Structure formats: structure tokens, C-alpha cells
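Report on the structure given below.
The values are calculated or read from the model by the stated rules, or taken from the named source; none is laboratory data. Just so we're clear, the structure is a prediction, and the values are computed from it rather than from any experiment. Here the Cβ positions follow ideal geometry from the backbone for every residue, glycine too, while neighbour counts run over all protein chains shown.
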Amino acid sequence: MPRGRERVVIYSRHFILLGVLAAALGVTDRWRQGLGALATIGVYGALHASALVAALRVAQASWRKLCFIALAAGLAMVSVRVGLACDRLLGADLGSFAPAALLTVSAGLGAASYGLLIRHFWIRDLSPRSLIHITLWCALLTLAALPLGNHLHTVGGWWFAMIWWWAFSLSLWYHDLRHS
């Protein structure tokens, strides 16, 4: 698409929805404890995808939106599953760096796969270079939040998902800003 194209996402709406969802998840942290880690990550993926779908500028078919949300939830779970597999393979070799490596790999895989999904469904001009930038920023910002999350251990596991949401969405917004 040429420069000057209209943005696909209304980012102000998207970021407001992310803030509301993050606050709601922070308040309701106890109900997710029985779901298990993978299912919880799937819920987080579906919620972020829903916030993105609700902020689309142009109306889309409901089946397309639901398909996107379901695939995003599945990709979130697969990303964590692959990260856990890497942790099992390399955990002993990485020592105390293993949790940070797991988080970074999972965040990066999630960002790359989610970016490809967004490219397929909504923003066709996401270049490989933009996808790499989004993936790296998302992984690095999530990793940078690890010490704060460890320090604030009472906020629960949703903390890292929220950091990922904001890192990914800010990276996507930056790409879109540069290309619109």
C-alpha cells in the first residue's frame, strides 16, 4: 500500500480497551488460577485479539473476527508450549537465566506468530522487517519487565501478559504510524 493509507486500527480505542481489560484482569486474578497456565494464556490471547478486533476502523464479517480471535488464542498457547519445551531442553544449561529465556522465547514466538496473523487478516503491508522489529521489541520489553514483575510478585502472572499486550500494540502502532 502506498504511503498515506488510512490506518486499519483505531489505536486510541484499542489502548483504552487494553487498559480496561488489564484493570479487570488485575482485579479478578483469583478466578483464573484453576484454569491452568496454558488455558489462561489462551484467554489472554483471545482478550488481546478481541481488543484489536473491536478497534478495527472498517466493519468486518463476524466469522472473520471470531476466526481471528480463536487463532490468536491458539497461537498464544502454542507459543508458551514451545517456550516451555525449549526450557526443558535448555533449562539445566541456562541455570538462573532459564525463566528469563523462557519468557523471551515465548514473547518473541507469540509476537512473530501474532504479527503474521494480523498481516494475513488486517494489515497486509506489514513487511518482514516490520514483523522482525515488532517481535524484537515485544520480546525485549517483556524481558525488561521481568525484574519489576518479580519484585511485584503479588500482581500475579497476568502482569507479563499485560506487558506483552502493551509492547506488541505499541510496536504495531509505531509501524502503522510510520506507514500511514
Considering only the stretch 81-98, I want to know if a residue exists there that is modelled with pLDDT under 95, within 24 Å of Ser127 (Cβ to Cβ) and crowded, with 17+ Cβ neighbours inside 10 Å. no
Is it the case that the stretch 162-179 has a residue that's surrounded by fewer than 17 Cβ atoms within 10 Å (Cβ to Cβ), at pLDDT 85 or above and among the basic types (Lys, Arg)? no
Identify all residues within the stretch 35-65 that are charged (D, E, K, R) and in a helix (DSSP H, G or I); write none if there are none. Arg64, Lys65
Those residues that are in contact (Cβ under 8 Å) with a residue 40 or more places away in the chain, among the aromatic types (Phe, Trp, Tyr) and farther than 18 Å from Arg119 by Cβ, I need them from the stretch 37-85; list them, please. Tyr44
